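Inspection log for the structure reproduced underneath, given as structure tokens.
The values are calculated or read from the model by the stated rules, or taken from the named source; none is laboratory data. The shown structure was predicted, so the numbers you read here are calculated from the model rather than taken from an experiment. Backbone-built Cβ (ideal geometry, glycine too); neighbour counts: all protein chains shown.
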Amino acid sequence: MRQGRARWLTRLAFLTGVALWVLPVQAKEEPLQITSFSGAYLAAHIAESDNDLDDAIAYYKQALAFAPNDQDLQQSLMLALVAQGRFEESLVYADKLKEVPDVERFSRLGLAVDSFHKKDYTKAQYWLKLSLESDLDRLISGVMAGWAKEGAGDASEAMESIDKLKGPDWFGLFKSFHRALIADAAGLNDKADEIYSSTMADTAAGGSAPETWMRNAQAYASFLVRKGDKSKAIEVLNQAEAFAPGKLEITALRDRIAKGDKIEPFIANPSDGASEILLDLATALNRGGGEPFVRLYLQYALALKPDSDAALVQLAGVAEQLKDGEGAVALYRRIPASSPLKELSDLQIGLNLADLDKHDEAIADLTAYLDKHPDDMRAYLALGGVYGSKEDFRSAANLYDKAVDRLKAPTAANWNIFYQRGIAYERLKEWPKAEPNFLKALELQPDQPQVMNYLGYSWVDMNMKLKEGLAMIQKAVDLRPNDGYIVDSLGWAYFRLGRFDDSVREMERAVSLKPEDPVLNDHLGDAYWRVGRKLEATYQWTQARDLKPDPDVLATLQQKLLKGLPPIESNTAQETPKMKPVVPAPAPKG
């Protein structure tokens, strides 16, 4: 395959978004009333495993009606309420579970958050004392307790207590950042300057937790401007820009400083500080696979600071990873209009609408954005991706033509525009227009694996430039040896060339990398058939059929299961119909 058939939205996760209008929400049926404990308990677990937290909460409550003192049920209900952002409701169960060691990391954390709301900083410190704690728990409770001490008026003790926290080396960045924030909030300017500066110098730690390091840069620049040192503030932001180019918050803050806008403190109060450590750690942990766990800390962070654009963006991203497009839209919509993330949020809402199969709304949304921002190449990629998901390649090609017209001097960062335009024209069977775009993309971004894969496969598939095309696909595989789709391209190229033993070898490897993809299983079946392994071919085609392929793939599979493959009529081309891959729009480099 030229590219994977995964939903294209996930390939544009570099965008973050908020809706330009309210997304219509379909009425949801009320959960069934269940008349037994076991039935309600099972229904709750099924709903939770399906990420349907509203129904899970309703069923847990029904189960608790049968067993009101069941602590496991209370714990499950409390965590589901927090995960769904229903923090106030969770407090009833947090209070009941406050002395249960196995869950106190969340129950007492919730009660501490409530104490921060009430500005009862002594009580917050009490709730943050845990009988069982991991390294992560110790850092969270220790830094939050430091902010409670600062709220109680003892900034020096707050900084000292955080400094004394014992733990692994990765504690260092988080400890120093929050000590600097506390010194800043308390007006200890020399100390704040010293700690902010030393944290900026620790770029090694920044490589492990880049978001936290960048937030230190924002906080330090804010501090410097308020102390009258604009030039040094710009210097700090330039250092941050060099460390991680394209960070919107950095660009927006630098622009505001240059314009002479009033710059507010990065942290306004102890609740903001407590929210910050939860956000910092949740962001650092959000590397894939732990989304439900990360979501809890982000919801606690949001409970402390409801207008936190950073927490909202992270939570929306978690919702997307959990395939909850409606939830992501609702979160993106809460991002304040003043946020530097607002423009990108306008793009992301369009992508979510498209992923929810609301293509017309997505197109209208993204078109409106492009009218306001005609030079934003990300918007062209986003809207082009929506057209691609509808297989409206004429509209996609016309759109990318406009994008190229806006580019005065294309740079390496623009390779994806030409790549996507090449795909659109190839799908329209206008190869003379497609090929120059692939070549231009490679000129801008030499050895880009996706481009080499698509171009090389196209050449082989059209029985032209065979040696060059095969070499190009092989190089793409060398660069991305664990990409099942690119490995499949190599196997399919061998198949088209009649090199069936080589095809089997590569197809088997592709399926081992992506066993759940119906097209790859279909291709392996074809390869097995051609080498005489017909029983195994039938098995692979059956597997592909059961993996719920697209209708056009399913139709060919049903024919092959009935009749197999017809005899080969030439030595240069395989007669099996070519699959049309769903073509996502990957995030541009830079």
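Checked against (1) in a helix (DSSP H, G or I); (2) within 26 Å of Pro68 (Cβ to Cβ), Val100 passes all but a single condition, namely (1). Taking first residues from region 131-150 that are of a type in the set (Phe, Trp, Tyr) and partners that are modelled with pLDDT of 95 or more, the Cβ contacts under 6 Å between residues at least 6 apart in sequence or on separate chains come to Trp147/Pro270; Trp147/Gly273; Trp147/Ala274. For the residues Ser208, Ser131, the requirement of being in contact with a helix residue (DSSP H, G or I) (Cβ under 8 Å, 6 or more places away or on another chain), at pLDDT below 95 and closer than 22 Å to Ser115 by Cβ singles out Ser131. Only one of the numbered conditions (1) over 21 Å from Gly498 (Cα atoms); (2) in a helix (DSSP H, G or I) is violated by Asn482, and that is (2). For region 418-476, the set of residues classified as of a type outside the set (A, V, I, L, M, F, W, C) and not in a helix (DSSP H, G or I) consists of Lys429, Glu430, Gln445, Pro446, Asp447, Gln448, Asn463, Lys465, listed by residue number. Here's a check for you: in region 285-301, which residue that is crowded, with 23+ Cβ neighbours inside 10 Å and among the hydrophobic types (A, V, I, L, M, F, W, C) is farthest from Arg86 (Cα to Cα)? Looking at the filtered set, the residue picked out is Val294. Summed over region 349-405, residues that are within 20 Å of Arg333 (Cβ to Cβ), charged (D, E, K, R), free of Cβ contacts under 8 Å to residues at least 60 places away in the same chain and assigned to a helix (DSSP H, G or I) total 2. Residues in region 331-359 that are of a type in the set (A, V, I, L, M, F, W, C) and crowded, with 19+ Cβ neighbours inside 10 Å: Leu331, Ile335, Leu341, Leu344, Leu347, Ile349, Leu351, Leu353, Ala354.
For Leu281, the conditions (1) surrounded by 16 or more Cβ atoms within 10 Å (Cβ to Cβ); (2) closer than 26 Å to Ile349 by Cβ; (3) under 17 Å from the mean Cα position of the chain (by Cα) are fulfilled apart from (2). Of everything in region 517-562, what is of a type in the set (Gly, Ala, Ser) and touching a Ser or Thr at 6+ places or on another chain (Cβ under 9 Å)? Give them in sequence order. Of everything in region 517-562, those that are of a type in the set (Gly, Ala, Ser) and touching a Ser or Thr at 6+ places or on another chain (Cβ under 9 Å) turn out to be Gly525, Ala527. When you look at Glu506, is it part of a helix (DSSP H, G or I), at pLDDT 95 or above, surrounded by fewer than 20 Cβ atoms within 10 Å (Cβ to Cβ) and of a type outside the set (S, T, N, Q), yes or no? Against the criterion (part of a helix (DSSP H, G or I), at pLDDT 95 or above, surrounded by fewer than 20 Cβ atoms within 10 Å (Cβ to Cβ) and of a type outside the set (S, T, N, Q)), Glu506 does not qualify. Restricting region 338-348 to residues that are part of a loop (DSSP other than H, G, I, E, B) and small (Gly, Ala, Ser) leaves a set whose member that is modelled with the highest pLDDT is Ser339. Leu524 satisfies every condition listed in (1) modelled with pLDDT of 95 or more; (2) closer than 28 Å to Leu442 by Cα; (3) not hydroxyl-bearing (Ser, Thr, Tyr) except (2). Considering region 451-499, the residues that are under 16 Å from Ala527 (Cβ atoms) and basic (Lys, Arg) include one that is surrounded by the most Cβ atoms within 10 Å (Cβ to Cβ), namely Arg496. Each residue in region 525-543 was checked for being touching a Phe, Trp or Tyr at 6+ places or on another chain (Cβ under 7 Å) and farther than 13 Å from Leu565 by Cα, and 2 of them qualify. Annotation note: of Glu150, Glu160, the sole residue that is part of a helix (DSSP H, G or I), surrounded by 14 or more Cβ atoms within 10 Å (Cβ to Cβ) and among the charged types (D, E, K, R) is Glu150. Do we find a residue being of a type outside the set (Phe, Trp, Tyr), surrounded by 22 or more Cβ atoms within 10 Å (Cβ to Cβ) and over 26 Å from the mean Cα position of the chain (by Cα) anywhere in region 440-450? Looking for residues that are of a type outside the set (Phe, Trp, Tyr), surrounded by 22 or more Cβ atoms within 10 Å (Cβ to Cβ) and over 26 Å from the mean Cα position of the chain (by Cα), one finds none in region 440-450, hence no. Restricting attention to region 331-348, which residues are touching a residue at least 12 places away in the same chain (Cβ under 8 Å) and either in contact with a strand residue (DSSP E or B) (Cβ under 6 Å, 6 or more places away or on another chain) or of a type in the set (A, V, I, L, M, F, W, C) (or both)? Answer for region 331-348, where residues must be touching a residue at least 12 places away in the same chain (Cβ under 8 Å) and either in contact with a strand residue (DSSP E or B) (Cβ under 6 Å, 6 or more places away or on another chain) or of a type in the set (A, V, I, L, M, F, W, C) (or both): Leu331, Ile335, Leu341, Leu344, Leu347.
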